[in-house]
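Enquirer: To start, I am sharing the structure in question, which I have written as structure tokens.
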Amino acid sequence: MKVLVTGGAGYVGSHVAVDLLEKNFEVIILDNFVNSSRFVLDNIKVITGKNVIAYNVDLLDKGALNEVFEKNKIDVVIHCAGHKSVGESVNYPLKYYDNNLISTINLCNVMNDHHVHKLIFSSSAVVYGIPESLPLTENSPLNALNPYGKTKYMLEKILIDLSLSNPLWKIVLLRYFNPVGAHPSGLIGENPTGIPDNLLPIIAKVADEEMDELLVFGGDYDTPDGTGIRDYIHVSDLAKGHVHALESIDAFQKFKIFNLGTGRGYSVLEVINNFEAVSGKTIPYRIVSRRPGDMAVSYADATKAARELNWVATKDIYDMCHDAWNWKQNSKGIDKVF
Ligand code: UD1
């Protein structure tokens with residue numbers, strides 16, 4: 001079976017590609033390399049020992065996308081490509097609406113033209129906004145609060161409408177909680193350009209003394225230690241969730257939605273403690289005021305994925321911090337080399 005992975009050189013997409021290749025799927029990567037590097041393609045080959053076809057194509061370029069489908073008999077698409085920074089989306093909403101929405105609509109049109117109707121889409125727990133109750137189930141109310149989150153919300157609605165329009169479509173929407181960590185080989189991982197906004201890449205930079213301290217956003221939440229709690233999920237577990245979705249998709253009708261999380265939350269201070277333990281480094285931190293738009297606690301009810309996809313996350317916070325730190329040390333200088 002031939003699987004097209006959009007954003008396949010990116011953080012999540014590259015781990016998905018590795019997992020697919022290890023399960024003997026044929027993989028075609030499509031990426032515009034705006035927020036990813038070409039070395040990832042070589043390292044995917046090193047990890048898996050398998051060849052991967054890759055195209056430097058922007059999904060906004062419908063003609064180029066069409067050519068990829070003409071050259072390859074694609075069976076399923078896993079759509080990971082998209083802009084993903086909340087802060088940037090607040091400052092540049094049109095960039096997010098333009099890129100994330102149009103690229104996905106182009107992709108679906110081209111898929112339809114080529115009679116490809118199976119799609120697995122990277123959505124996000126960001127669609128829930130501030131939870132009314134916990135854990136978050138797939139039926140919890142949706143209230144995306146920022147332009148990035150709204151693109152995911154809108155795309156979910158567009159894809160659901162599409163799946164209802166023609167029984168040939170089978171669409172799986174995967175709502176990621178907080179993907180962290182890296183491949184245990186240390187050969188692929190998250191490589192944010194500029195200053196990262198997410199907790200784990202910042203902690204790794206502080207541990208590596210590239211940054212002086214971590215600012216902990218809020219110490220007065222209604223949580224046991226006062227800091228925010230999130231459902232961190234190892235990116236390799238997340239990748240496996242896609243493969244399970246792919247293996248189940250034929251049995252589904254129209255669309256299916258799944259949370260991909262561990263079902264367990266960790267506070268910022270717990271993450272710091274775990275990172276210190278695995279790295280042997282001290283993470284200097286300072287508690288400052290809350291970050292606008294943040295919630296106290298978010299974690300998944302991941303039982304639907306366990307039930308219907310036969311998937312559960314197996315890696316714990318130790319693995320997540322260990323592999324994030326391993327990747328941090330292994331990836332030094334990557335920006336300069338590639
Ligand atoms: C963010 C995005 C979310 C995205 C997810 C991907 C927001 C509002 N949401 O989620 O859409 O899907 O990343 O991983 O940005 N923290 C600090 N100091 C820091 C950075 C973070 O204390 O320098 C805290 C945050 O307040 C939060 C926790 O660490 O409690 C996790 O933050 P982060 O990694 O940015 O993820 P989210 O905000 O949950």
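The values are calculated or read from the model by the stated rules, or taken from the named source; none is laboratory data. What you see is a predicted model; the values in this text were computed from it and never measured. Quick reminder, even Gly has a Cβ in these numbers, built from the backbone with ideal geometry, and neighbours come from all protein chains shown. Each accessible area value is taken on the protein alone, full model and side chains, heavy atoms only, with ligands, DNA and RNA left out. Shrake-Rupley method; radii C 1.70, N 1.55, O 1.52, S 1.80 Å.
Enquirer: Restricting to the stretch 62-75, give me the number of residues that are open to solvent by less than 60 Å² (accessible area, probe 1.4 Å) and out of contact with any strand residue (DSSP E or B) (no Cβ under 9 Å at 6 or more places or on another chain).
Expert: Residues meeting the conditions: 2.
Enquirer: Would you point out which residue out of Ser140, Ser185 is at pLDDT 95 or above, part of a loop (DSSP other than H, G, I, E, B), farther than 21 Å from Ser122 by Cα and touching a helix residue (DSSP H, G or I) at 6+ places or on another chain (Cβ under 9 Å)?
Expert: Just a single option satisfies the conditions, and that option is Ser185.
Enquirer: Please specify each residue of the stretch 178-187 satisfying the condition of being within 13 Å of the ligand (Cβ to nearest atom), open to solvent by less than 30 Å² (accessible area, probe 1.4 Å) and not aliphatic (A, V, I, L, M).
Expert: Within the stretch 178-187, Gly181 is the sole residue that qualifies.
Enquirer: Arg175 versus (1) within 25 Å of Phe33 (Cβ to Cβ); (2) within 16 Å of the ligand (Cβ to nearest atom): which is the lone unmet condition?
Expert: (1)
Enquirer: Take Asn35 and tell me if it is of a type in the set (S, T, N, Q) and either within 27 Å of Pro184 (Cβ to Cβ) or outside any loop (DSSP other than H, G, I, E, B) (or both).
Expert: So Asn35 fits the description; yes.
Enquirer: Could I ask something else about it? Please work out if Ile78 is away from the ligand (no atom under 16 Å from the Cβ) and either modelled with pLDDT under 95 or buried (at least 22 other Cβ atoms within 10 Å of the Cβ) (or both).
Expert: Yes.
Enquirer: What's the total number of residues in the stretch 103-122 that are β-branched (Val, Ile, Thr) and assigned to a helix (DSSP H, G or I)?
Expert: Qualifying residue count for the region: 3.
Enquirer: Given Leu168, Leu159, Leu145, which one is in contact (Cβ under 8 Å) with a residue 40 or more places away in the chain and either within 15 Å of the ligand (Cβ to nearest atom) or small (Gly, Ala, Ser) (or both)?
Expert: Among Leu168, Leu159, Leu145, only Leu145 is in contact (Cβ under 8 Å) with a residue 40 or more places away in the chain and either within 15 Å of the ligand (Cβ to nearest atom) or small (Gly, Ala, Ser) (or both).
Enquirer: Shifting gears a bit: What pairs come up if the first residue lies in the stretch 201-228 and is more than 12 Å from Ile283 (Cβ to Cβ), the second is within 12 Å of the ligand (Cβ to nearest atom) and part of a helix (DSSP H, G or I), and their beta carbons are under 7 Å apart, counting only those six or more places apart or on different chains?
Expert: Asp225/Leu269; Thr227/Val268; Thr227/Leu269; Gly228/Val268
Enquirer: Could you say which residue among Leu30, Leu41, Leu59, Leu4 is more than 17 Å from the chain's Cα centre (by Cα) and surrounded by 24 or more Cβ atoms within 10 Å (Cβ to Cβ)?
Expert: Leu59
Enquirer: When you go through Ala251, Ala245 one by one, which is the residue that is free of Cβ contacts under 8 Å to residues at least 60 places away in the same chain, small (Gly, Ala, Ser) and more than 15 Å from the ligand (Cβ to nearest atom)?
Expert: Ala251
Enquirer: If we scan the stretch 47-60, do we find a residue that is modelled with pLDDT under 95, away from the ligand (no atom under 16 Å from the Cβ) and not acidic (Asp, Glu)?
Expert: yes
Enquirer: Can you tell me how many residues in the stretch 188-218 are away from the ligand (no atom under 13 Å from the Cβ) and either within 16 Å of Phe275 (Cα to Cα) or modelled with pLDDT under 95 (or both)?
Expert: Total meeting the criteria: 7.
Enquirer: If you check Thr151 against the conditions, is it polar (S, T, N, Q), within 16 Å of the ligand (Cβ to nearest atom) and in a helix (DSSP H, G or I)?
Expert: yes
Enquirer: Would you point out the residue of the stretch 287-306, among those that are of a type in the set (D, E, K, R) and more than 20 Å from the chain's Cα centre (by Cα), that is nearest to the ligand (Cβ to nearest atom)?
Expert: Arg291
Enquirer: Next up: Collect the residues in the stretch 98-133 that are within 16 Å of the ligand (Cβ to nearest atom) and either surrounded by fewer than 18 Cβ atoms within 10 Å (Cβ to Cβ) or at positive phi (or both), keeping them in residue-number order.
Expert: The answer is Gly129, Ile130, Pro131.
Enquirer: Name the residues in the stretch 248-286 that are within 19 Å of the chain's Cα centre (by Cα) and over 17 Å from His234 (Cα atoms), would you?
Expert: Across the stretch 248-286, the qualifying residues are Lys256, Ile257.
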